[in-house]
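For reference, the structure discussed in these notes is given below.
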Amino acid sequence: MLLASSAAWFEASLAAARSAVNVREYLQAFHAADSALTLCTRNAIASTATGVIAAQAAAREPTQWKLEAVFEGAATTPVAQWPGSLRPPQCLIEEWRLAGRQDARAYLLTARGFGNNRDSQVWLQMQLVVDGDKVERHWRRVAARPF
């Protein structure tokens, strides 16, 4: 009975340790992606967005961020290195021409942050519309990795 109880407690402590590591990896990747998204948003608002993927007027948002080749090729790394991460966070800025608002500049910003391994990734997005002095931000988390 004592052996079975010890084995159960040992398994429970291993599960708790794995859970703690997973939470740490997620938070590491989330903060890396959030910082990259913030820096890319500042660049887009200041009109210094380099590497912007241009687009035509469309009713739907850009979808180039879902392609691995486009994301790996055109994404910027606003931070050279993120402490404890496998890779530095990346950010992709896609221009978005809104059909109903010709004077506004719109962007879809997608950021990807990494944890300590390749499987621990967090994807965040910001829909950004700059219309004169007015700036609209719509933040969201991408639920599943596109590739």
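What follows draws every value from the coordinates through simple rules; no lab data is involved. Please read all numbers here as calculations on a predicted model, not as lab measurements. With ideal geometry, Cβ positions are generated from the backbone for all residues, glycine too; neighbour counts draw on all protein chains shown.
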For Val23 and Asp119, extending 7 Å from Cα along the Cα-Cβ vector and measuring point to point gives, in nm, a value of 2.0
Options (1) 9; (2) 31; (3) 20 are given for percent of Cα pairs over 28 Å apart, and the computed one is (2)
One finds the C-alpha centres of the range 64-84 and the range 23-40 to be spaced, in Å, by 13
With Cα coordinates, the longest principal axis of the chain makes an angle with the long axis of helix 2-45, in degrees rounded to 10, of 10
With label points set 7 Å from each Cα along the Cα-to-Cβ direction at Leu2 and Ala104, the distance between them in nm comes to 7.1
Taking 92-100, 13-21, 120-128 and ranking on average Cβ neighbours within 10 Å, highest first, one gets 120-128, 92-100, 13-21
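Going by how many other beta carbons lie within 10 Å of each one, how would you line up Asp131, Asp34, fewest first?
Sorted ascending by nearby Cβ count, the order is Asp131, Asp34.
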Fewest-first ordering of His31, His138 by Cβ atoms within 10 Å yields His138, His31
Residue separation between Arg140 and Ala12 times 0.36 nm, minus their alpha-carbon distance, gives in nm 42.7 nm
